[in-house]
1. Ratio of region 48-163's C-alpha Rg to 2.2 N^0.38 Å, to two decimals?
2. What percentage of all Cα-Cα pairs in region 140-219 are separated by more than 20 Å?
3. In whole percent, what relative contact order does region 87-175 give with Cα contacts below 8 Å and a gap of six or more residues?
4. Suppose only helical runs count, i.e. DSSP H with n ≥ 4. What mean residue ellipticity at 222 nm does that imply for the chain under -39500 (n - 2.57) per run, divided by all residues and rounded to the nearest 500 deg cm²/dmol?
5. Sorted by average packing, counted as other Cβ atoms within 10 angstrom per residue and highest first, what order do 128-137, 42-51, 157-166 take?
6. Using only Cα atoms and rounding to the nearest 10 degrees, what angle (0 to 90) does helix 132-149 make with the longest principal axis of the chain?
7. Please calculate how many Å² of accessible area the chain carries per residue, with a 1.4 Å probe and no DNA, RNA or ligand atoms counted.
8. Run through all the Cα pairs of region 123-180 and give the fraction in each 10 Å bin from 0, expressed as whole percent.
Amino acid sequence: MNKLSIQLVLLNLLFFSNQSISEPPVHLYKQYLIGTPRAYLQKSHPLEDCSDKYEKGTMCMKNHSLAGEKAEIAFRFLNDKLVSIVLIMTLTDVSKIKKIFYVLKTQFDLVLIEDGYNKLDIIQINASTFNKHEFTKIIADFENEAYQKQNIKYTFISKDEFITQSRKSRNFSDIFKNAPMRMRAAIYSIGRKDEQVIGTISFIVPGVTQSYLDQNPIVEDF
């Protein structure tokens, strides 16, 4: 093999290795991308430090809206790069709680329901329950009891990953344990605080690691 051929082989190897490292940006929520620098968000939005309310380093933006409900956005960072977003909103009745649930269902599929103590693993139940009516009744009974306590948490994963992940996973923990890099999840919790019903939605990408953030930088002028 001559010198030119060796150089071409090396260039091809470099090209394909870079392709495997570099991934298309992952949309965490709306226009917000995983790995967005904190400095860019601070420059683009009126953010306030809300470490006292949430975890240290969290930045918040008020007056956001989801499905007509007023919400606050909390941005969470890892080494000054965006890794999760939390929406916090006051929900005055059950109809509003369910409205947000159905909004999430347009982009995500349900995989787990919790009421603080008990868990309903949708993947596991779906695999062992062949009667659709029975499956629906199990979920409805669990939800109704949890709503009465005003303590319920839903975990969803993105629709484009749900079919693949639910076919190869026996239960919910398998899905999160083996989460592919691009899989998005949304965790919707309802509880009481200061005599109000508060809805909290956390948007996360379970498979994202520090090495992913390092290898896939988001430039500030996107």
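1. 1.24
2. 49 percent
3. Relative contact order for region 87-175 comes out at 38 percent.
4. -11500 deg cm²/dmol
5. 157-166, 42-51, 128-137
6. 70 degrees
7. 59 Å²
8. 20, 42, 34, 4
The values are calculated or read from the model by the stated rules, or taken from the named source; none is laboratory data. Quick caveat, the model's predicted, so the values are computed rather than measured. Here Cβ is always computed from backbone atoms with ideal geometry, including for glycine, and neighbour counts include all displayed protein chains. For the accessible areas, the whole protein counts, side chains as well, though only heavy atoms, and no ligand, DNA or RNA atoms are used. Shrake-Rupley method; radii C 1.70, N 1.55, O 1.52, S 1.80 Å.
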